[in-house]
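For reference, the structure discussed in these notes is given below.
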Amino acid sequence: MSETLKDIQSKSWYALYTRPRHEFKAAERLEALEVQCYLPVIKRISQWSDRKKEISEPLIRGYIFIYADEKERIKSLEESSVLRCVFDNGKPARIPEWQMENLVKFLDHESEFFLYEGLLPGTKVIIREGPFEGIIGTIQQNDNQNTLAVSIDLLNRSVLTHISKANRFEIVKEEIGGGVVR
């Protein structure tokens, strides 16, 4: 099988731009097309003058992620809620699977999250113990608290949470093909 045909048939993670405030509609329509998608969502309390309400909102506004082959990626772009695919060097940009796994695992924990636009300088680590065990991220120091950042490099976005100093972590020296060398 030629390399090009292999690339077309294999599935990868892609980021799609959505119309403003159409992330949930895009997810609904992509699921109806049977395209595997992931919309990272956070819950927060919204305060009005007369009441409080818990609402769900996209963690990264304007984006939805799909795990698709080339045919499914093109089919996804035909949806009215989807504007385009994120490109890098003239080709649809593939997000490394380990970055998506990190994001999913990171958001599975009940914690306060906030989005940081821009990649953070700092040391890349893998958490060895605690609720974030196995997550590869970047440790930051903020007001004498450790903050763990999990990044989607392609989108230049990082999700951060405070972690206890009791968490054991190990420095990641480099990444090789989605694997980690310690």
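Observations, loosely collected:
- Computed label-point distance, nm, for sites Phe87 and Tyr17 using a 7 Å Cα→Cβ extension: 1.1
- Legend: calculated FRET efficiency, Leu115 to Leu77, from the Cβ-Cβ distance at R0 = 22 Å, rounded to 0.05, equals 0.30.
- Compared with the direct C-alpha span, the chain from Glu57 to Trp98 gains 12.4 nm at full extension, assuming 0.36 nm per residue.
- Trp48/Lys25 FRET efficiency (R0 35 Å; Cβ-Cβ; nearest 0.05): 0.90
- The phi torsions of the stretch 78-90, fed into the Karplus equation with coefficients 6.51, -1.76 and 1.60 and a -60° offset, translate into couplings of 7, 6, 5, 7, 9, 8, 6, 8, 6, 10, 9, 6, x Hz, rounded to whole numbers, with Gly and Pro shown as x.
- Put simply, the amide H of Arg157, placed in the peptide plane, has neighbours under 5 Å in Gly118, Ile152, leaving out anything fewer than 5 places away on its chain.
- Per-residue Karplus couplings for the stretch 68-76, computed as 6.51 cos²θ - 1.76 cosθ + 1.60 with θ equal to phi - 60°, are listed in order as 8, 8, 4, 5, 5, 4, 5, 4, 5 Hz, Gly and Pro entered as x.
A short reminder: the numbers here are calculations on the coordinates, not readings from a lab. These numbers come from a predicted model, not from an experiment. So basically every Cβ, Gly included, is an ideal-geometry build from the backbone, and we count neighbours across all protein chains shown.
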